[in-house]
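Inspection log for the structure reproduced underneath, given as structure tokens.
Only the coordinates and a few stated rules stand behind these numbers; no lab work does. All values derive from a computational prediction rather than experimental measurement. Positions of Cβ are backbone-derived with ideal geometry, glycine not excepted, and every protein chain shown enters the neighbour counts.
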């Protein structure tokens with residue numbers, strides 16, 4: 001039997017809803033799992049529960065454009081249940097997962113299985129991305145229409161970008177036929193040539209095989225040209241260079257139908273962090289120069305890059321316990337996505353509304369889904385955080401099954417206190433602390 | 001988390017705990033290594049070629065990449081210090097059975113090995129092992145990926161000092177595949193730290209890092225210009241596989257542009273010495289006349305390699321011993 005959805009009033013918080021230009025202290029009312037009203041509640045509304053949000057920020061639940069959940073196929077790293085629980089503790093209510101699972105998300109059956117597991121776990125929404133080619137082989141197109149009907153919100157080739165430009169063109173055209181967004185992680189694999197660090201001063205000195213900036217800029221230029229030819233809507237995922245960000249600024253001025261995101265760690269770290277060969281800083285695309293980091297920050301502030309994602313990649317400890325080049329790239333990032341973004345506000349990179357926008361209506365707009373706002377009538381996916389509660393990241397204490405974070409010991413500026421999915425409380429800091 | 005090269009390699013009194021890279025060691029430590037090696041050169045010439053400095057210690061040669069010269073000279077150096085030596089050719093045993101590097105390490109530690117001498121194809125491997133090794137276990141880098149080969153660089157410095165006495169004022173040219181060379185990276189750090197007046201690298205752009213100048217060198221693409229008036233020429237080995245992957249068109253063209261011949265050698269200082277870390281590809285990096293000629297010090301490098309490795313092994317084991325005694329007290 002389904003539980004009746006509670007009617008809730010969230011009282012006295014600073015409501016930040018960038019899609020509606022809202023940033024004010026007010027009340028928010030939820031009925032039937034949907035946003036009912038901001039400010040005054042309708043006269044006949046009697047909430048069965050209230051949440052005191054005094055001195056807290058109330059914003060739409062976050063949408064993470066890319067989180068590798070590892071299930072099916074790599075449950076020793078993480079599971080859908082473990083990671084969605086970690087997600088809501090970080091204020092994320094929607095996860096978008098790429099298709100590089102085993103088996104690959106290239107059939108409606110796998111798509112359905114993943115969505116079923118997420119519903120069973122019950123923490124957050126899961127929007128799968130389908131594989132653009134069968135088994136991610138880069139040659140045979142997947143059954144995109146079927147994937148879309150099964151619930152895939154976009155298609156992508158994840159970590160194996162299409163080397164063959166003709167296949168890339170056909171893939172964009174075919175996806176566009178069904179109005180499916182093509183997500184591209186821009187990397188020319190010939191130029192990246194099995195590198196593991198940004199080709200530059202630091203990798204030169206450390207003798208780490210380099211990935212040149214051109215591996216990204218060549219791919220961005222190529223796929224922008226193909227998008228213009230095909231009329232497809234494309235999205236560049238996890239940009240790492242200031243040069244690619246400048247190309248995006250140009251594309252925006254030209255009115256191209258293209259968007260981009262960046263992984264949060266790219267806005268805080270750079271190649272210098274590799275000194276000492278700590279494998280927690282091994283990511284793909286690689287951490288580039290501090291100039292690149294600043295260029296990316298600027299692009300995010302100016303909405304040239306519309307979304308910040310976690311690019312969450314949980315690993316078992318063994319995956320990072322090897323010499324740097326032999327380790328698996330990636331960071332367990334769900335729980336640090338919001339606080340690290342808020343750190344940018346603290347550092348004066350952008351204002352609070354812009355920061356929240358990059359985590360809510362920004363990614364929602366890219367995917368074309370009616371989420372990421374507090375507009376009355378929309379699903380009540382809500383994140384409440386305490387902007388005064390500072391905390392230190394402790395890798396071992398992460399809820400994610402992956403403890404691989406380079407941010408261990410960093411001070412975070414805010415802590416999530418409540419997360420609601422469709423008006424249902426799926427995380428509360430209080431319960432978490434009581435459990436401990 | 002990650003520690004700086006100096007923090008990892010030196011104890012609080014500045015003594016050598018591990019020898020992983022030249023980076024962060026400073027001129028005094030490098031000079032101390034050279035001076036210690038100087039004291040060991042006599043040992044090889046005695047009838048009984050042994051000193052008892054490391055008696056009762058177990059040194060493991062942990063080679064994940066094949067090597068003859070480096071492994072043999074490390075083995076000889078350890079044996080001349082009276083240590084027991086284990087030679088482990090890991091590429092052929094453990095990893096093919098799926099054992100992780102850490103497991104290999106833990107197993108050897110359970111056998112109470114006192115020192116690991118490590119060669120590995122991945123940059124940072126020696127750092128990784130030093131960070132995970134038990135207290136009291138020293139680690140020496142015998143070559144990791146493209147990163148560092150510090151004992152090779154030190155034996156080269158030793159050879160230069162023997163011939164040139166002082167580093168100050170010297171001009172040194174390193175010729176060949178700088179991009180993939182751990183030897184060149186360590187040499188450049190050592191030469192600059194010891195105060196030579198100029199380090200040059202000579203290579204086509206495909207064999208240089210994109211920003212080679214940041215390593216602290218002057219870059220030349222023309223061999224004649226690059227070796228003009230230099231006091232030391234270090235030729236690097238050209239791996240055969242560089243002919244693939246569009247790095248070079250042919251050995252023939254490489255030799256015609258960058259090969260060291262008697263005629264080219266005449267452009268260098270009249271007292272210039274010629275070095276090579278070995279093994280030489282005759283007719284690719286240099287002519288046989290140069291390799292076997294009076295200016296070549298290539299075989300001396302090999303002999304000095306033993307003294308340098310004795311110096312480093314004894315220094316590291318000495319420091320680790322001190323620390324273990326501290327623990328015992």
(Q) For the range B:21-177, what does the relative contact order come out to in percent, with C-alpha contacts under 8 Å and a separation of six or more? (A) 21
**Q.** Average other protein chain Cβ within 10 Å of Cβ, residues A:271-281
**A.** 4
Q. If you count, for every residue in B:120-130, the Cβ atoms of partner chains within 10 Å of its Cβ, what is the mean?
A. 6
Q: Just tell me how shielded A:195-203 is by partners: mean number of partner chain Cβ atoms within 10 Å of each residue's Cβ, no decimals.
A: 3
Q: Using only Cα atoms, locate the centre of the range B:287-311 and the centre of the range A:353-387, then give the distance between them in Å, rounded to an integer.
A: 69
Q. If you average the sequence gap of Cα pairs under 8 Å that are 6 or more apart and divide by the length of the range A:365-436, what percent do you get for the contact order?
A. 32
Q) For the range B:229-329, max minus min Cα coordinate along each principal axis, in Å, sorted largest first? A) 64, 38, 21
Q: Please figure out what share of the DSSP beta bridges in the range A:91-246 is antiparallel and state it in percent, rounded to the nearest 5.
A: 5
Q.
Tell me the angle of helix A:337-346 to the major Cα principal axis of chain A, expressed in degrees between 0 and 90 and rounded to the nearest ten.
A. 90
Q) Given C-alpha coordinates of the range A:61-367, what is the ratio Rg to Rh with the Kirkwood estimate of Rh? A) 0.93
Q | Peptide ranges A:144-150, A:44-50, A:274-280 listed from the most packed, as the mean C-beta count within 10 angstrom indicates | A | A:274-280, A:144-150, A:44-50
Q) Top mean-square fluctuation among B:184, B:37, B:212, Gaussian network model of chain B, C-alpha springs under 10 Å? A) B:212
Q | Rounded to 5, the percent of DSSP beta bridges in the protein assembly as shown classed as antiparallel | A | 30
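Direction-averaged shadow area of the convex hull around the Cα atoms of the range B:150-297, nm²?
Projected over every direction and averaged, the Cα hull of the range B:150-297 covers 7.7 nm².
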Q: Evaluate the relative contact order of chain A (contact order divided by residue number), counting alpha-carbon pairs under 8 angstrom at least 6 apart; express in whole percent.
A: 20
Q: Please work out the Cα center distance from the range A:1-58 to the range B:194-227, rounded to the nearest Å.
A: 66
**Q.** Distance histogram in 10 Å bins (all Cα pairs of chain B, percent per bin)
**A.** 6, 27, 34, 23, 10, 1, 0
**Q.** Translational diffusion of the range A:62-178, µm² s⁻¹ [Kirkwood Rh, Cα pairs; Stokes-Einstein; 4 °C; 1.567 mPa s]
**A.** 91
Q.
At q = 0.12, 0.13, 0.20 Å⁻¹, what log₁₀ I(q)/I(0) does the range B:212-272 have when each alpha carbon counts as one equal point scatterer in the Debye sum?
A. -0.36, -0.42, -0.91
**Q.** Two-decimal ratio, the range A:1-98, of alpha-carbon radius of gyration to 2.2 N^0.38 Å
**A.** 1.33
Q: For the range A:327-412, compute Rh as the Kirkwood radius over C-alpha pairs and then the Stokes-Einstein diffusion coefficient at 10 °C and 1.306 mPa s; write the answer in µm²/s, rounded to an integer.
A: 107
Q. Given N residues in the range B:266-313, what is Rg(Cα) / (2.2 N^0.38 Å)?
A. 1.32
Q: Would you calculate, for chain B, the mean residue ellipticity at 222 nm contributed by helices, counting each DSSP H stretch of 4 or more residues as -39,500 (n - 2.57) and dividing by all residues, to the nearest 500?
A: -12000 deg cm²/dmol
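Rg to Rh for the protein assembly as shown: what is it, with Cα atoms only and Rh by Kirkwood? All intermediate terms of the calculation are to be shown ahead of the outcome.
Details: Rg = 30.1 Å, Rh = 28.7 Å.
Looking at the protein assembly as shown, the ratio lands at 1.05.
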Q: Return the whole-Å distance between the Cα centroid of the range A:257-325 and the Cα centroid of the range B:33-78.
A: 44
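Kirkwood Rh over alpha-carbon pairs of the range A:36-79, then Stokes-Einstein at 4 °C and 1.567 mPa s: what D in µm² s⁻¹, rounded to an integer? Each step should come with its number before you reach the end.
Details: Rh = 15.0 Å.
Using the Kirkwood radius from Cα pairs, D works out to 86 µm²/s.
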Q | Among beta bridges that DSSP assigns inside chain A, antiparallel share in %, nearest 5 | A | 50
Q) Given only helices, namely DSSP H runs of n ≥ 4 each adding -39500 (n - 2.57), what is the per-residue ellipticity at 222 nm of chain A, to the nearest 500 deg cm²/dmol? A) -8500 deg cm²/dmol
Q | Mean Cβ neighbour count within 10 Å, used as a protection proxy, ranking A:305-313, A:251-259 highest first | A | A:305-313, A:251-259
